[in-house]
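What follows is calculated from the coordinates using simple rules that are stated; it is not laboratory data. Treat the numbers as computed from the prediction; the structure is a model and nothing was measured. No Cβ is skipped: glycine too gets one built from the backbone with ideal geometry, and neighbour counts run over all protein chains shown.
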Amino acid sequence: MRAGITAVGSGIGQSVVDACRLAKGRIEIIGFDANPFAYGAADCDGFATVPLSADERYVDVLVDKAVEHGLDILVPGLDDDLLVFAAARQRFEAKGVEVLVAPERAVQLTRDKLEWSRALHPLSEIIVAGYTAAEAAALVASGDLDLPLLAKPSGGSGSAGVQVITDAAVLSSVDAGQVVQPLLLPSSSDPDARVVANAVAAGRLVQRAEVSYQLLLGADGEVLGRMATRNRLKDGIPIEIVEIDDQPWWDALQPVLAHLRDLGVTGPVNFQGRMTEQGPRVFEMNLRYTGITGLRSLLGFNEVEVGIAAALGHTPPPIPRGRGRQRVGVRQVAARVRPAPAKADGTPPPSTVLVTGATGWLGRHLVARLDADPQVARVVALVRSPERADECQFSEDVELLTVADWTGTDGERLDEVDAVVHAAADRDPSDPTGKADDLSLLRTLLRSALAYQVPRFVYLSSQSVYGTSRPTPWSEDLAPAPETVYGLSKLAGEELVELANATNNGTAAVSLRLAKLYGAMEGLRWTELVHRFALQAATQEPIRIVGGDQAFDLLHLEDALEAIALAVLPGRRPLRGAYNVGSGTATSILEVADAALAAVGGDHSSGRTLEPATDTPLVFQMDVTRFRAATGWVPTRSLADDMEHLVRLADRSGRSA
């Protein structure tokens, strides 16, 4: 299910996003906000800026964005969006996009608190009465209305503009656009009763002992879920919620719910009130999700997942009730860092990249590739051996940092890093300690990256996670089945990366499953298949082949470096999850040998020997469609072209190697 959520920088929009991320079923989130640095943008799978909801272009832009992103449903994340979406429902539905909002006449009723109370108070005394200031003054004077009272904007949200009235004379100064209600005092048995009463006596509003009662209505008016919580608020924002028995509220609200069904209301319905000496009383109602929707989801009440599923005609998952939860919800101001904005010409600011495994064949060339990129301000090479780093002859601009120093007492900080590439890998099958060290370093890197909210984390994995025994091409949907210690260690690393993605939103972590690499580039190992055949051809050593049908997904190192750079550098949306990075084709051993012999002008039949194999030939090939679609990357180097370079390099240095 692909859901668009508006105002993801608001408390409500962010809360809806949080609930979507906790959904058991996959919900792809496309966030919208007028602010490009909206807090919730980092939590979405896609994001786009849109005009403010009051802008006349707002609906036009959202309709276009909904089509562009292939949305199934649009969920309002702001009070102001309710009326806009309700009025424009048919425009969205004409494009195949559902809108999770109640009918327009119902939304209009709840957006005018005076008319809302006049319509629903006669149905049930649970709905508090509402008056104009003049009406309230007359009732107080006649003794039919008691102080204290509460005045608030009739179309307002939260606690903005709320005024406690303990003196009837003040009513004459209340704005005509406000609604006046009896101020509900909590029952004397409530632990916060005295605190609230003392504050009211002093003319202050204390938002304690408030109850939020959330219901979710299906298409036929069926209640799909309900939950009541006792809340403590600060400046209109709930900071503590405790689930309570909802039966008294449920019983008292039945006439109101019957009226809402008559209005055709579906989706979320929220009542806010207090438990008073006279029983439950409601002072406000909204037909939307709320700022604690995400917190309710943490407690098992995922009303967003159920609401979206029901609106799209799917069978919604059940919401459990009455489990006697032993947890309470608490909230506090959260902090997040975001990448700096692009320059005036649209280019992102240069970034700092940390590379591990920088002395390996891939790592040393990756450091050089990033160091030469104008989008990179600084490359930090994290190495285990300073001596090996000296052999790599990095440029003076590359900062060398040893693992021992970085993990020291004052180390493990990534506060100045914008991206991490973990390229370190131990391939020695006889050394399990090296793989354990790699995983330990990966865990340390991830912990620091998450702590400092490093925007991008790239883990270089391997096609070895797929094993060898299953038909190719292997796609990312195929469950890993490693058959070697190396493959198992890479899968363990991927699992750490996935855990990081599941538990944080500030860092986007991706695993790139690389194919078998080759290339005539400094530091290559002549023992690798492609390189060995080139060396044998150059030195006129016969190439002995058993079978010949064994095939590999071969990727030139330079193509791999460009793929990694696309995942590392700013300017495009960060990747999450696992992606195959290879040529997407399978090249047989026989084809590699013939290419090597062709590069030296040799005769295929005399330059190699071919012996029959007794086993079924192994074939390694990955489906790279997903990575190409996400980045636009296409390999540009061919085996035939590079084999000539390999042969020339072998002529110069192969014999000594």
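With 0.36 nm allotted per residue and the present C-alpha distance subtracted, the Leu52-Val634 stretch has 205.7 nm of extension available.
Sites listed here are trypsin sites (Lys or Arg not before Pro) in segment 433-531 whose DSSP assignment is loop and whose Cβ has at most 15 other Cβ atoms within 10 Å: Arg525.
With the simple spin-label model, which puts each label point 7 Å out from Cα in the Cβ direction, the Asp45 to Ser173 separation comes to 5.4 nm.
Could you calculate the FRET efficiency of Arg470 with Leu22 from 1/(1 + (r/R0)^6), where r is the beta carbon distance between them and R0 is 22 Å, rounded to 0.05? Efficiency at R0 = 22 Å is approximately 0.10.
Ordering Phe533, Phe552 from the fewest to the most neighbouring beta carbons within 10 Å gives Phe552, Phe533. As a rough footprinting exposure proxy, the listed residues Ser448, Ser15, Ser511, Ser188 were ranked by other beta carbons within 10 Å of their own, and the order from fewest upward is Ser188, Ser448, Ser15, Ser511. Could you work out the Kirkwood radius for segment 117-174, taking every pair of different alpha carbons, averaging 1/r and inverting it, reported in Å? So the Kirkwood estimate lands at 12.3 Å. For the chain, the longest principal axis of the C-alpha atoms and the axis of helix 589-599 are separated by about 60°.
Shape annotation for the chain: C-alpha extents along the principal axes are 114, 51, 49 Å, from largest to smallest. For helix 485-503, report the angle its Cα long axis makes with the longest principal axis of the Cα atoms of the chain; keep it between 0 and 90° and round to the nearest 10°. Helix 485-503 and the main axis of the chain meet at about 20 degrees. Max-minus-min Cα coordinates of segment 351-654 on each principal axis give 62, 42, 38 Å, with the largest extent listed first.
What the Cβ-Cβ distance of Thr625 and Val162 gives, at R0 = 41 Å and to the nearest 0.05, is a FRET efficiency of 0.15. Modelled this way, with points 7 Å down the Cα-to-C-beta line, the labels at Glu396 and Leu312 are 5.7 nm from one another.
Taking every C-alpha pair closer than 8 Å and separated by at least 6 residues, the mean separation divided by the residue count of segment 444-586 gives a relative contact order of 30 percent. Between Gly547, Val101, Val421, the Cα set farthest toward the positive side of the dipole of the chain (charges on each charged residue's Cβ, about the Cα centre) is that of Val101. The P(r) of segment 370-457 has a tail past 21 Å containing 36 percent of all C-alpha pairs.
Using only C-alpha atoms and all pairs of different ones, pull out the Kirkwood radius for segment 106-287 in Å with one decimal. Write out the running numbers ahead of the final one.
Details: mean 1/r = 0.0596 Å⁻¹.
Kirkwood hydrodynamic radius for segment 106-287: 16.8 Å.
How big is the antiparallel share of DSSP beta bridges in the chain, given as a percent to the nearest 5? The answer is about 45 percent antiparallel. Net charge dipole, the chain: roughly 940 debye, given to the nearest 20, about the Cα centre with Cβ charges of +1 for Lys and Arg and -1 for Asp and Glu.
Between Gly523, Gly487, Trp250, the Cα set farthest toward the positive side of the dipole of the chain (charges on each charged residue's Cβ, about the Cα centre) is that of Trp250.
Label separation (Asp60 vs Asp415): 4.8 nm, computed from points 7 Å beyond Cα along the C-beta direction. Distance distribution note for segment 565-612: the fraction of Cα pairs above 15 angstrom is 64%.
Give me the base-10 log of I(q)/I(0) for segment 589-636 at each q in 0.18 Å⁻¹, Debye formula, one uniform scatterer per Cα, rounded to two decimals. Debye intensities relative to I(0), on a log10 scale: -0.77.
Subtracting the Cα-Cα distance of Val330 and Leu488 from 0.36 nm times their residue separation leaves 52.9 nm of extension gain.
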